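Engineer: One structure, as structure tokens, below. Some questions next.
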Amino acid sequence: MLLFTQYQQALLAAQNLASLASAVTNGTKAVAGVPQDGATVQQRTSSYIDRLTFEKNKVLAQIDADNTLTTADKNQQKAQVDQVLADETVAIQGAVSVQEGVDKTNQALQKIDAVYQTGPSLLTQQVAVRNTAANDLNTVNSVISGDDTLSTGEISNLDDLMDQYKANFVTAVQAAQSADEMNQALADFHTNLTQISNQHMKYNLVHQLQQSATDTTTAIENDPTLSASAEQEQLAAVQTNLNQATAAISAVEVNDDQAQTKLASALATGTQQIENSHQLGQSVSSHADDWQKAVTATADQVKDGINADSTLTSADRSRQVASVQQTLVNTLAALQDVATVQVDDTVVASGQTVLSAIHIAGLAVADRQETANTTIEDTSNVEQQKIDQNASQLQPSDQSALTDQVTTAKNAATAAINSAQSADEINQTVVDLNQKLVAIDLDLAHRVGQVQLAAANQQIQAAIDGYVTLLPDDKTTQQANRLAALRKTTTDLAATTTVASAQQSASDGVAVIQAAHHNVASDATAAKQVADTGTTTNQKIYVPGQTIAGDSGQAAQFKAQVTDRSAIMQQAIDAAATKG
């Protein structure tokens, strides 16, 4: 009766033939869906869902057949249909009466039908893409028109391309029979516009290269340090580099996705090569040549002496050689600023004196060996003390192994120092020992950390087994968590590469292992008590002899109380599960 009244009102409210027809159709479908066989709502659920599935398939077919929708629009609407079907299936499965099942089924059918929305007409879409294409074409054309470096032939070629691509676009849009084809026509047009822009860029870059060549040519022709042959050679290099750079620009295809990047790279390379064609010459007299050779010879002699000095380290040699080189540069520069022989002779003599004084011998090898042996002894003792201080946290075998590593490294370093023939060999030996000691220190931290993790694991394992309030399943879970934590923290510790990170990893690992043990019994007990209370209360609602039907009857009271108690019990159970 409720269903009849609902659709009778819909008929009376209809304002036109379309709404009247819709009300009739919906009412007929709803009435037809009301079962007449006396089955329960649970027995009818599958038939309700079958109706939704049938409606879903019908709507999906409508969506797929709609050429005003893009593929993306279709996929979106179909996904919405699937979601509505899933949501409404859950709603129908929760119906507690036949009438509610029928109502929810009809509502679901309307929701599924409402998902399908047709797109704008193809004519509307055609107008939109035409407007977009026209605006984009105008943008490209504006850029080209504003470039006053383009030749008449270049402008004509770009105009022809724009006309051709515009005609292709119009043809494609007119032939389009769907939204996807309309959008594809626009995408193809954009691709063509990009190619036009790339061609314009090629023209523009060639002009830039030509300007660079012109500027470099002017600089070469005005350089007073160049001879006629040198000038001609450099001018030829400018033309060669210009031709090569222009060819590199021309080789880039306009339809290449990386065209603009490649063109920019070709411009940068070509410009640099053209500019590098100009190299300044040197204007010096024959005397100046001799003076430069004399100063250079002295510098080479001093550098040879520095490089052969075994008392110097590599750093000492590099520093003294750099000083020689800088002094040579300064002296040669000073020679360029004077104009008389006497002054130049003085500059040469002074430069040679300064160069010779740069070489200063270092500490004798024997003295360096003595100092290095002291360093080896001290650093090895420090590492051994660390091992001894951590003996309580090491296995005897670990302590012995670490001590052997220190002794071996120390003995090897001492032997290497005593046989060293240069400062570099001595310094390198000390560096190598320090690296080995750092590795031993890290090994020590790893071993101590492993002992700490093992101790924490043993403690927590015993604590879980001995905790009397834990249920067997809880113990099993916590032991599994403990074992997983041990494996994880052991792996993390082994992956550390510094002593500090190893110590922190071990400390964190102990905390993680300890966290595997906690008490969950009280939470589970609370949930059980709430559930027991709710069950007991629900069982007491029925009183023989009192009215069952009606809004105030025992049936209504029982339904309300079951709903309330079920919610309370579920909250308690959820809370216990979360804490556990």
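Engineer: Can you tell me the dipole magnitude for the range 367-502 around its Cα centre, using point charges on the Cβ only (Lys, Arg +1; Asp, Glu -1), in Debye to the nearest 20?
Structural biologist: 580
Engineer: Go through the range 180-188 residue by residue and turn each phi into a ³J(HN,Hα) via Karplus (6.51, -1.76, 1.60, θ = phi - 60°); whole Hz please, and just put x for glycine and proline.
Structural biologist: 4, 5, 5, 5, 5, 4, 5, 4, 5
Engineer: Here's a follow-up. Of the accessible area of the range 406-491, with the probe set at 1.4 angstrom, what percent is carbon plus sulfur?
Structural biologist: Carbon-and-sulfur percentage of accessible area, whole number: 56.
Engineer: Ok, one more. What FRET efficiency comes out for Asn373 versus Ala308 if R0 is 35 angstrom and r is the Cβ-Cβ distance? Round to the nearest 0.05.
Structural biologist: In this case the efficiency is close to 0.85.
Engineer: Then there is this: Rounded to a whole number of µm²/s, how large is the Stokes-Einstein D of the range 166-224 at 20 °C and 1.002 mPa s, given Rh as the Kirkwood radius over C-alpha pairs?
Structural biologist: Calculated translational D: 147 µm²/s.
Engineer: Report, please, the projected area of the range 189-273 averaged over directions, based on the convex hull of its C-alpha atoms, in nm².
Structural biologist: It is 5.2 nm².
Engineer: I would also like to ask the following. Return the sequence-ordered ³J(HN,Hα) values of the range 76-93 in whole Hz as given by the Karplus equation 6.51 cos²θ - 1.76 cosθ + 1.60 applied to θ = phi - 60°, using x for Gly and Pro.
Structural biologist: 5, 5, 5, 5, 5, 4, 4, 5, 4, 4, 5, 5, 6, 4, 4, 4, 5, 5
Engineer: Gain in length, Val451 to Asn381, computed as 0.36 nm per residue apart minus the alpha-carbon separation, to one decimal in nm?
Structural biologist: 22.8 nm
Engineer: Is there a pair in Lys386/Lys488; Lys78/Lys111; Lys58/Lys104; Lys74/Lys166 whose C-alpha atoms are over 24 Å apart, and which pairs would that be?
Structural biologist: Long pairs (Cα-Cα over 24 Å): Lys386/Lys488; Lys74/Lys166.
The values are calculated or read from the model by the stated rules, or taken from the named source; none is laboratory data. Keep in mind that this is a model prediction, so the values were computed, not measured. Cβ coordinates were reconstructed from backbone atoms using ideal geometry, including for glycine residues, and neighbour counts include every protein chain displayed. Ligands, DNA and RNA are excluded from the accessible area calculation, which covers all protein heavy atoms including side chains. Shrake-Rupley method; radii C 1.70, N 1.55, O 1.52, S 1.80 Å.
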